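Read through the structure below, which is laid out as structure tokens, and then see the notes.
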Amino acid sequence: LNDVFRPTPVGIDRIEYFRIFNRFGEKVFETSEINKGWDGSYKGIRQPLGGYVWMLKGVDRKGDVKVLKGNVLLVR
């Protein structure tokens, strides 16, 4: 089951942030822990089905800063 959406940061040693935004640009999730993920809720309220944008900023093994972005579709 995919109950939690979390990044798989290949080659990233540490992350500065992992954020998820709704379609209005409101931040609904943020963490700096590499293994923590989003369960589809915001302030304890299940979020509506649909598309969300994620961003990850981290540092790779060479010390270079990497910013990754993508989309995730929330379904139940």
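The values are calculated or read from the model by the stated rules, or taken from the named source; none is laboratory data. Note that the structure is predicted; figures quoted are calculated from it, not measured. A quick note on method: Cβ atoms are made from the backbone with ideal geometry, for glycine too, and the neighbour counts reach across all protein chains shown. Surface areas here come from the heavy atoms of the whole protein model, side chains and all, with no ligands, DNA or RNA. Shrake-Rupley method; radii C 1.70, N 1.55, O 1.52, S 1.80 Å.
Suppose all protein chains stay in the model; what accessible area per residue would a 1.4 Å probe give for the chain, in Å²?
72
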Relative contact order in percent for region 8-49 (Cα pairs under 8 Å, 6+ apart) equals 27
Taking 0.36 nm per residue of separation between Arg6 and Arg46 and subtracting their Cα-Cα distance, the length gained on full extension comes to 12.7 nm
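How high is the relative contact order of the chain, given as a whole-number percent (alpha carbon pairs under 8 Å, six or more residues apart)?
Value for the chain: 32 percent.
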Starting from the 7 Å offset along Cα-to-Cβ, what nm value, one decimal, do you get for the label separation of Lys69 and Phe21?
0.7
Against the globular-protein guess of 2.2 N^0.38 Å, express the Cα radius of gyration of the chain as a ratio, rounded to two decimals.
1.11
Accessible-area composition of the chain, carbon plus sulfur, in percent [1.4 Å probe]
50
